[in-house]
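Reading through the structure tokens given below for one structure.
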Amino acid sequence: MQTNFTLAQLADPHTAASEKILRACVHCGFCTATCPTYVLDGNELDSPRGRIYLIKDMLEHDRPATADVVLHIDRCLSCLACMTTCPSGVNYMHLVDHARVHIERTYRRPFGERLLRGLIAKTLPNPRIFRALVYLARLAKPFGPLLRLIGARRAGAMLRLIPRRIPWRSTDAAMRTAPAAGARKARVALLNTCVDQVLAPQINAAAIRVLTRHGIEVVRRSAAGCCGALVHHLGREPEALQAARRNVDAWTREIERDGLDAILVTASGCGTTVKDYGFMLRDDPGYATKAQRIAGLTKDISEYLVSLMLDQPVRDSGLVVAYHAACSLQHGQRVVRAPKALLTRAGFAIRDVPEGHICCGSAGTYNMLQPQIARRLATRKAANIAKVSPDIIATGNIGCMTQIATATSIPIVHTIELVDWATGGPLPERLRVAGIGEKSDRRRETAK
């Protein structure tokens, strides 16, 4: 793609990086086939190619974002399916992130929009505040359909996402280090992801059991906090970089104290952002090298475990698992085979979901900010999952778990919960409530 930036514009490192990305695009349109918003409605401006044109025009002319540009950029899920499809290697992720920062700086949204985005940015990354709001929202949940009926779609969508059962806070949450069982083979840090701590603390608990069971010491209570992904995708760059620097400092101290073999993340949306710290802080002389080191150590939990010799399954469940590949994992991190390999080794029959490359509509905060499109995608995803007739759905991201659960009654759990159960851990609570344990026992008895 031909560009017309001035030398003065290219002196800005962000613009220079975006110009390089724009020049890589050859207008082929392959990206349109896998873009969820284009697949739904066929609007060229709601495709990656269309958005690239809008971003190019906005940045080249160095002008404030218009309402029309904001509309189409806001509709982008940042699922990154276009990057998997693109034959030219266009880094759409960095381009759309730059566009969102430009929008945040130059466009004044309506008051209600600013209020909602500010509320999300201040509450979701703070587990204490988020937990309090979740309990309050649970009381209002029965009024969700009424809110949607009177046109308050976003409020109704947010209430729909609140689970009926809120897990108790883990009693061992204050434990800083989980020691390895037996001789220590490695030492890793485990990110305490914000939303998981409130809605699904059992995910990290399962990860810790699997890791310590296999001789891995887990550092879990360092000064590391929110990864910055939520505010990053809202275009709030200063807050995102502050979170990144805080985590880089915290993990660097752990490395210097006793060493770290890896930094593990169980929420793939967070993992994609942490792996991008090197790019995010590339122009910060105090952090560029350290951030690159942290990014290089970061792995998804499945990516790390698949390289270990895990214990043989202690039970043969005979259960069929539909594996939903979270966009941030398959497109953002290009981790595709590891989760399915783990589940297969654990004794589950894995089924790929038709249209597995299409987003479920969660996309961080997208299901709250764009509830109509998100709902259509969730319904489409649930219908495709039903086609493989699974007993369970497994995925590697809390956002996907929450979103898909609104559209299907099939129990959905994190991949690591199934690996934990198969190798000696407890039956996941969601499966116990759904009677999956009894179903597995009956199948084993029948097989005998």
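The values are calculated or read from the model by the stated rules, or taken from the named source; none is laboratory data. From a predicted model like this one, the values you see are computed outputs, not experimental measurements. Glycine also receives a Cβ, built like all others from the backbone with ideal geometry; neighbour counts cover every protein chain displayed. Heads up: the accessible areas ignore ligands, DNA and RNA and are worked out on the full protein's heavy atoms, side chains in. Shrake-Rupley method; radii C 1.70, N 1.55, O 1.52, S 1.80 Å.
Where a ≥ b ≥ c are the square roots of the eigenvalues of the C-alpha gyration tensor, would you call the range 187-232 rounded, which needs a/c under 1.5, or, failing that, prolate if a/b is larger than b/c, or oblate? Working shown, then result.
Numbers: a/c = 2.95, a/b = 1.63, b/c = 1.81.
The shape class here is oblate.
Which value, in Å² rounded to 10, gives the accessible area of residue 92 with a 1.4 Å probe and all protein chains present?
Number for this one is 10 Å².
Select from 149, 133, 45 the residue whose mean-square fluctuation is largest in a Gaussian network model of the chain (Cα-Cα springs shorter than 10 Å).
Looking only at 149, 133, 45, the largest GNM fluctuation is found for 149.
In percent, how large is the relative contact order of the range 55-196, given Cα pairs closer than 8 Å and 6 or more residues apart? Walk me through the numbers on the way to the answer.
Values: 66 pairs, mean separation 25.6, N = 142.
Across the range 55-196, relative contact order equals 18 percent.
Against the globular-protein guess of 2.2 N^0.38 Å, express the Cα radius of gyration of the chain as a ratio, rounded to two decimals.
Numbers: Rg = 21.8 Å, N = 448, 2.2 N^0.38 = 22.4 Å.
Its radius of gyration relative to the 2.2 N^0.38 Å reference: 0.97.
What number do you get for the range 1-130 when its Cα radius of gyration is normalised by 2.2 N^0.38 Å, N = residues?
Details: Rg = 15.6 Å, N = 130, 2.2 N^0.38 = 14.0 Å.
Against the empirical 2.2 N^0.38 Å value, I get 1.12 for the range 1-130.
Run the dipole for the range 42-187 about the Cα centre, Lys and Arg Cβ at +1, Asp and Glu Cβ at -1, nothing else charged, and hand back the magnitude in debye, nearest 20.
Values: 27 positive and 11 negative charges, 231 e Å.
For this selection, approximately 1100 debye.
222 nm [θ] for the chain, helices only, -39500 (n - 2.57) per DSSP H run of 4+, per residue, to 500? Before the final figure, lay out each step's value.
On the way: 26 runs with 237 residues, N = 448.
Taking each H run of at least 4 residues, the total per residue is -15000 deg cm²/dmol.
What are the ³J(HN,Hα) couplings of the range 61-72, residue after residue, when phi is run through the Karplus curve with 6.51, -1.76, 1.60 and θ = phi - 60°? Round to Hz, x for glycine and proline.
8, 6, 10, x, 5, 9, 4, 5, 5, 4, 4, 7
Calculate the FRET efficiency for residue 111 and residue 71 from the Cβ-Cβ distance with a Förster distance of 22 Å, rounded to the nearest 0.05. Walk me through the intermediate numbers first.
On the way: r = 17 Å, r/R0 = 0.79.
It comes to 0.80.
Could you let me know the centre-to-centre spacing of the range 131-146 and the range 181-203, using Cα atoms, in angstrom?
So the separation of the two Cα centres works out to 28 Å.
Return the sequence-ordered ³J(HN,Hα) values of the range 343-353 in whole Hz as given by the Karplus equation 6.51 cos²θ - 1.76 cosθ + 1.60 applied to θ = phi - 60°, using x for Gly and Pro.
Result, rounded to whole Hz: 5, 5, 4, 7, x, 9, 8, 8, 10, 6, 7.
How high is the relative contact order of the range 270-389, in percent, counting Cα pairs under 8 Å that sit 6 or more residues apart?
Working: 128 pairs, mean separation 25.6, N = 120.
Result for the range 270-389 is 21 percent.
With a 1.4 Å probe and every protein chain left in place, tell me how much accessible area residue 429 has, in Å² to the nearest 10.
80
Compute the FRET efficiency between residue 152 and residue 183 as 1/(1 + (r/R0)^6), taking r as their Cβ-Cβ distance and R0 = 56 Å, and round to the nearest 0.05. Kindly include the intermediate steps, with their values, before the conclusion.
Values: r = 57 Å, r/R0 = 1.02.
According to the calculation, E is roughly 0.45.
Lysines within cross-link reach of residue 299: Cα-Cα under 23 Å, excluding same-chain residues under 8 positions apart?
185, 275, 290, 340
Rounded to the nearest 20 debye, what is the charge dipole size of the range 136-259 about its Cα centre when +1 sits on each Lys and Arg Cβ and -1 on each Asp and Glu Cβ? All intermediate terms of the calculation are to be shown ahead of the outcome.
Working: 22 positive and 9 negative charges, 120 e Å.
The dipole magnitude comes to about 580 debye.
Check which residues have an amide H placed less than 5 Å from residue 186's amide H, if you skip close sequence neighbours.
The list, which skips near neighbours in sequence, is 217.
Given the alpha-carbon gyration tensor of the range 170-259, what are the semi-axes of its equivalent ellipsoid in whole angstrom, ordered largest first, with each equal to the square root of 5 times an eigenvalue? The partial results should precede the final answer.
Numbers: eigenvalues 132, 54, 17 Å².
The answer is 26, 16, 9 Å, longest axis first.
Is the shape of the range 25-75 rounded, prolate or oblate, going by the alpha carbon gyration tensor and its root eigenvalues a ≥ b ≥ c, with a/c under 1.5 for rounded and a/b larger than b/c for prolate?
Numbers: a/c = 3.53, a/b = 1.49, b/c = 2.37.
Oblate is the answer for the range 25-75, as a/c is 1.5 or above yet b/c matches or exceeds a/b.
Quick one: angle between helix 371-386 and the longest Cα principal axis of the chain, in degrees between 0 and 90, rounded to 10, please.
Approximately 40 degrees, to the nearest 10.
Classify the range 263-392 from the C-alpha gyration tensor, please: rounded if a/c falls under 1.5, else prolate or oblate depending on whether a/b exceeds b/c. Provide the component values of the computation, followed by the final result.
Details: a/c = 3.36, a/b = 1.28, b/c = 2.62.
Since a/c reaches 1.5 but b/c is at least a/b, the shape of the range 263-392 is classed as oblate.
Determine the gain in length on full extension of the stretch residue 307-residue 355; use 0.36 nm per residue of separation and subtract their C-alpha separation, reporting nm with one decimal.
Taking 0.36 nm per residue and subtracting the Cα distance, the gain is 14.5 nm.
Across the range 282-296, in residue order, what do the Karplus-derived ³J(HN,Hα) couplings come to in whole Hz, using 6.51 cos²θ - 1.76 cosθ + 1.60 with θ = phi - 60° and x for Gly and Pro?
Per residue, the Karplus-derived 3J(HN,Hα) values read 4, 9, 9, x, x, 10, 3, 5, 5, 5, 5, 5, 5, 4, x Hz.
Pairs of alpha-carbon atoms within less than 8 angstrom and 6+ residues apart define the contacts here; what relative contact order does the chain have, in percent? Before the final figure, lay out each step's value.
Working: 727 pairs, mean separation 60.8, N = 448.
The normalised contact order for the chain reaches 14 percent.
So how strong a dipole does the chain carry about its Cα centre when Lys and Arg Cβ are +1 and Asp and Glu Cβ are -1, to the nearest 20 debye? Don't skip to the end; give the middle numbers.
Numbers: 61 positive and 39 negative charges, 256 e Å.
The dipole of the chain has a size of about 1240 debye.
Given a 1.4 Å probe and heavy atoms of the protein chains only, how would you sort 307, 47, largest accessible area at the top?
Working: 307 85, 47 0 Å².
Heavy-atom accessible area, descending, gives 307, 47.
Could you tell me the accessible area of residue 32 in Å² (1.4 Å probe, neighbours in place), rounded to the nearest ten?
It works out to around 20 Å².
Measure nothing but the geometry: give the 0 to 90° angle between the long axis through the Cα atoms of 237-257 and the longest principal axis through the Cα atoms of the chain, rounded to 10°.
The answer is roughly 40 degrees.
Give me the extension gain from residue 284 to residue 44: residue separation times 0.36 nm, minus the current Cα-Cα distance, reported in nm with one decimal.
82.7 nm
Which value in Å does the Kirkwood hydrodynamic radius of the range 242-298 take, with 1/r averaged over all unlike C-alpha pairs and then inverted?
Mean inverse Cα-Cα distance, inverted, gives 11.2 Å.
Want the number for residue 383 to residue 293: 0.36 nm per residue separation, take away the alpha-carbon distance, what's left? Mind showing how you got there, number by number?
Numbers: separation 90, 0.36 × 90 = 32.40 nm, distance 4.16 nm.
Between residue 383 and residue 293, full extension yields 28.2 nm more.
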